[in-house]
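See below for the structure under consideration.
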Amino acid sequence: MKVNYLHHNLDKKAFIFPKNEKVLICQEIFNQVCVLANGDVVCSCRDYNGMYIVGNIYQNRIYKIFHNEKYTQLRDIVLNSNYSCYCSQVKGNCVFKKRSSKSIQNELKELTIKKIQLETISNCNLNCPICEVSNWKRNKSSRLAKLSFETIKELIYDVKNSLTYLSLFNYGEPFLDDRLLDILRYIKEVVPRAYVYIHTNGNFIPDNWKQRIIEEHLIDEISFSIDGASQQTYEKYRVGGQFERAFNNMADLVNIKNKLGISKHIGNYLKDIVYRKNRLWKFKPYIIWQYILFEWNDSPEEIAKAQKLAKDLGIDIVWIITHSNGKSKRFNENTEEYHKLWGIKNYSSEVISNQIERKIVNKS
Ligand SMILES: C[S@@+](CC[C@H](N)C(=O)[O-])C[C@H]1O[C@@H](n2cnc3c(N)ncnc32)[C@H](O)[C@@H]1O
Ligand code: SF4
């Protein structure tokens, strides 16, 4: 099947989508860029080491890169692949290869940048053993960098008419960027409709930023990576981190929200996903606790403690299955225990998936 997509301005390029509906392809390459802190542009967070660099933002404007030969080649390679999970360009499996070509074609109206993963800084204050950043720090890698503010501004300005979703993190700790508030302000000024999403380890959030973030509505969703409910279990993966500091920083944001009367709402992560994605969410920022399940933090006591802390604070916990060393044996995508953790009966293994979202929409 042949589909023509209008390139940014004038020229047309025809993509040939696979006829075999069983081969899954990724949608990211049609509407997303991931900008690394050294300026390199890759398809997504999956390419954290820059295995297939499509351009560099210091050398070319983003719309040129998005439509250049290298990115076009990548799209062709992915469309011609017979693998559903494996991507030859990042030389490994990729979670983004999850769409049938038919469903993508139905949704794709144009080839345009709707989503950006923006890594303004790639350094970090923690040393999580399996995270690439810890590797880069050990090897003093040139992958550790900070993107210039001028370039960030240029990038946001260039996509202001199409951008709907911006992940302001990739690898590294976004709150270590001393320009973060000004970057957020610029984004909200130039492209106010974009949904801004941040992941943080929560160990460093300057006190004088907290009120500003909430009052100025600078972030739509903020997720705290806190993998444990006590220092002992937390620090096994979050090496160098303080459980109390991360938890208190998260609690401070919730309390500021409550004081300002922004949220009286105790959410339901799965149900609210639809509201957030459709920008119907009113209780901004949506604050979530993300808990990666390891064998050292998955005991019934530890889980119950985390659930109580979250309930008392009035936030949701998102339980994450990892495939890294030390992954929980008790919980995996197929266990009933895992579904119970989410408080959901009778449903498929892909908890946070498009299918589930659709089920939720249909039910509500
Ligand atoms: C690389 S971190 C960068 C943002 C921030 N420093 C943090 O830790 O949240 C991005 C995401 O990767 C997740 N992550 C880190 N190590 C992981 C692992 N072993 N398995 C699954 N997710 C992991 C983090 O929890 C976070 O949600
Ligand atoms: S806190 Fe985040 S970026 Fe830092 S080492 Fe851990 S996972 Fe990586």
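The values are calculated or read from the model by the stated rules, or taken from the named source; none is laboratory data. Because the structure is predicted, anything quoted here is derived from the model rather than measured. Neighbour counts run over all protein chains shown; Cβ positions are idealised from the backbone, glycine included. Side chains included, ligands, DNA and RNA excluded: accessible areas come from the protein's heavy atoms. Shrake-Rupley method; radii C 1.70, N 1.55, O 1.52, S 1.80 Å.
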Item to check | Selection from segment 142-165 of residues that are buried (at least 17 other Cβ atoms within 10 Å of the Cβ), within 25 Å of HIS67 (Cβ to Cβ) and in contact with a helix residue (DSSP H, G or I) (Cβ under 7 Å, 6 or more places away or on another chain) | outcome: ILE152, LEU155, ILE156, ASP158, VAL159
Checklist outcome for this item: Taking segment 120-150 and keeping residues part of a loop (DSSP other than H, G, I, E, B) and near ligand 1 (Cβ under 9 Å from one of its atoms) leaves CYS124, ASN125, LEU126, CYS128, PRO129, ILE130, CYS131
Checklist entry - Limited to segment 209-231, what total is found for residues that are under 13 Å from PRO285 (Cα atoms) and either hydroxyl-bearing (Ser, Thr, Tyr) or more than 14 Å from ligand 1 (Cβ to nearest atom) (or both)? => result 11
Checklist outcome for this item: Conditions (1) over 20 Å from GLY326 (Cβ atoms); (2) within 12 Å of ligand 2 (Cβ to nearest atom); (3) open to solvent by less than 20 Å² (accessible area, probe 1.4 Å) -> ILE226 fails only (1)
Checklist entry - Inside segment 99-117, can you point out the residues that are in contact with a Phe, Trp or Tyr (Cβ under 7 Å, 6 or more places away or on another chain) and either charged (D, E, K, R) or within 16 Å of ligand 2 (Cβ to nearest atom) (or both)? => result GLU110, LYS114, LYS115
Next on the checklist: For segment 232-247, give me the residue count where each residue is within 11 Å of ligand 1 (Cβ to nearest atom) and among the aromatic types (Phe, Trp, Tyr).
Outcome noted: 1
Next on the checklist: Going through LYS264, LYS284 one at a time, which residue ends up being modelled with pLDDT under 85 and either within 21 Å of HIS199 (Cβ to Cβ) or open to solvent by less than 50 Å² (accessible area, probe 1.4 Å) (or both)?
Outcome noted: LYS284
Item to check | Candidate set from segment 166-200 (those that are of a type in the set (Ser, Thr, Tyr) and more than 16 Å from ligand 1 (Cβ to nearest atom)); member that is farthest from LYS284 (Cα to Cα) | outcome: TYR186
Next on the checklist: Can you pull out every residue in segment 28-54 that is more than 18 Å from THR120 (Cβ to Cβ), open to solvent by 10 Å² or more (accessible area, probe 1.4 Å) and touching a Cys at 6+ places or on another chain (Cβ under 8 Å)?
Outcome noted: GLU28, CYS43, ARG46, TYR52
Checklist entry - Only one residue in LEU166, LEU176, LEU180 is of a type in the set (A, V, I, L, M), closer than 23 Å to VAL133 by Cβ and away from ligand 2 (no atom under 16 Å from the Cβ), so which one is that? => result LEU166
Next on the checklist: Given the condition modelled with pLDDT under 90 and in a helix (DSSP H, G or I), answer yes or no: does some residue in segment 325-335 qualify?
Outcome noted: no
Checklist outcome for this item: Apart from one, (1) touching a residue at least 40 places away in the same chain (Cβ under 8 Å); (2) in a loop (DSSP other than H, G, I, E, B) all hold for ASN60; the odd one out is (1)
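Among the residues of segment 24-36, are any among the charged types (D, E, K, R), in a loop (DSSP other than H, G, I, E, B) and modelled with pLDDT of 85 or more?
Restricting attention to segment 24-36, the residues satisfying the condition of being among the charged types (D, E, K, R) are 28.
Narrowing the set further to residues that are in a loop (DSSP other than H, G, I, E, B) leaves none.
The answer is no; no qualifying residue exists.
Here is a yes/no grid of residues against (1) out of contact with any strand residue (DSSP E or B) (no Cβ under 7 Å at 6 or more places or on another chain); (2) assigned to a loop (DSSP other than H, G, I, E, B); (3) surrounded by fewer than 20 Cβ atoms within 10 Å (Cβ to Cβ):
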{"position": "ILE198", "(1), (2), (3)": "no, no, no"}
{"position": "PHE204", "(1), (2), (3)": "yes, yes, yes"}
{"position": "ARG212", "(1), (2), (3)": "yes, no, yes"}
{"position": "HIS217", "(1), (2), (3)": "yes, yes, yes"}
Next on the checklist: Would you confirm whether or not segment 118-141 contains a residue that is at pLDDT below 95, small (Gly, Ala, Ser), away from ligand 2 (no atom under 16 Å from the Cβ) and open to solvent by 10 Å² or more (accessible area, probe 1.4 Å)?
Outcome noted: no
Checklist outcome for this item: THR112 vs (1) open to solvent by less than 60 Å² (accessible area, probe 1.4 Å); (2) part of a helix (DSSP H, G or I): all pass except (2)
